[in-house]
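As structure tokens, the structure follows; a few thoughts come after it.
The values are calculated or read from the model by the stated rules, or taken from the named source; none is laboratory data. If you're wondering where the values come from, they're calculated on a predicted model, not measured in any experiment. Cβ: placed from backbone, ideal geometry, glycine included. Neighbour counts: every protein chain shown. SASA here: full protein model, heavy atoms, side chains in, ligands and nucleic acids out. Shrake-Rupley method; radii C 1.70, N 1.55, O 1.52, S 1.80 Å.
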Amino acid sequence: MLGEQDGVWGQEAIRDEAQVPAYKLPAVLVDAAGQPITDAAAWERQRGVLLEQFTTEMFGRRPSTPYEVGYETEELTADAASGVRFKQVTMTVSTEHGPTGRQSQRWRLLLILPPSDQPVPVFLGLNFQGNHTVCEHPGVALPEGWVRRHEFPGGQEHRAAEEMRGTAQHRWPWRMITEQGFGVATMYYGDIDADEDDQFAGGVHQLLRDPADPSADWASISAWAWGLSRALDYLETDSAVNAKQVAVLGHSRLGKTALWAGATDPRFAAIISNNSGCGGAALHRRRFGETVARINQVFPHWFNARFKTYNDREDQIPFDQHQLIACLSPRPVYVASASEDLWADPRGEFLSVLHAAPVYQLYGEEGFGLTEFPPVNSPCFTRLGYHLRSGPHEILEYDWQQFLSHARQHGLGQPLTNE
Ligand code: GTR
């Protein structure tokens, strides 16, 4: 079994543009019957077809098991200097109809909110190591279940540790974000489903997925995305938040997750993919860096069983990832790549945005302001936005600065109107 670290390049992986095979992308403005799509109404029908294809061929179908979610909110001490508020919400997800009878699962959502007498726009995203890593606040609870392995000596395998408190702050620059009037909402992805190949025996799969029902082939990315929608359900009940201005974002595997969350939940006002790569913003057919075969081999739980039938058969997938971006139309979308992150195929991420743009134009939107792969650190802030940051596979303050500018330019943070 191959390791999962970034940069574990298989011998066969393409890392040179000259090796990219010739490929033909499915046309974004042609419908399932081969007819040209010339208006938004025809595109809306095509969006339905595509979402169904992405569901059956890649992400898997969510189970229809009924569930309930209860909320318990706790206001933590505010930051004395800035007045920034910290709110911890315990979400109890339960069902009486699951495959094994009544069960419940506990997730924790952390809100970091600027002081404001108006509801604030919010960036919502999952985190990799626990809410307590996002800031140093001593009141933020540690995850209770599975966590990724720790890199510090003495860390217990797969158990959250106090030593990790605040260690992901560089990925969540909440001071800068709140100073600009935006809030942050984040939840630990392992609360929803552990990021391991457990044959869907744990997490929310165990709660809601009936192994005897083959139509519910929900995989982990889809489960995490569903969790983001449940977090948005909570945000809709919180008067401190402008739930009409929630941007969903994620880095890497959680960037793939943010794109699928945005595609399946039209309530997200904007969608941000950071270095999401294969299965996210990057085009499969280029086979540059991580490929379908490789992602399915190393992370068999991310996508459904049918997606494995496309290993080394990218040309047979009925769609490509530019159509996932198109499914987000006409909402603002920002895709961020990093120059050293060849594994995620920065150019393939850029091309997805480029080839999604004609759909935006059907809505009378400006689409995408770039026609060529841009130089590093030259962000584009059209409704479809993009940058190639210099540096590694990461989400950094530079990325957030561009997300904030893009969000503001496309109406997030504008005062509420009485519609
Ligand atoms: C890598 C994986 C990528 C990306 C990344 C991450 O190992 O190959 O698809 O998701 O992990 O999530 O950090």
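Calculated accessible area for the stretch 30-409 comes out at 36 Å² per residue, all protein chains present (probe 1.4 Å; ligands, DNA, RNA ignored).
Helical runs assigned H by DSSP (4 residues or longer) give the chain a calculated mean residue ellipticity at 222 nm of -7000 deg cm²/dmol, each run adding -39500 (n - 2.57) before division by the residue total. For the pair Ala22 and Thr371, label points projected 7 Å from Cα toward Cβ lie 2.5 nm apart.
The distance from the alpha carbon centre of the stretch 22-76 to that of the stretch 107-182 is 30 Å, rounded to a whole number. Within a straight-line Cα-Cα reach of under 18 Å, Lys308 can be paired with the following lysines, leaving aside sequence neighbours fewer than 8 residues apart in one chain: Lys256.
Across the stretch 133-271, the mean sequence separation of Cα contacts (distance under 8 Å, 6 or more residues apart), normalised by length, yields a relative contact order of 16 percent.
Within 10 Å, count the other beta carbons around each residue, average over each peptide in 235-244, 352-361, 12-21, and list them highest first.
On the way: 235-244: 16.9, 352-361: 22.9, 12-21: 11.7.
Final packing ranking: 352-361, 235-244, 12-21.
For the chain, averaging the sequence separation of C-alpha pairs within contact (under 8 Å, six or more residues apart) and dividing by the residue count gives a relative contact order of 17 percent. Surface composition of the chain: carbon plus sulfur atoms hold 49% of the accessible area, using a 1.4 angstrom probe and ignoring ligands, DNA and RNA.
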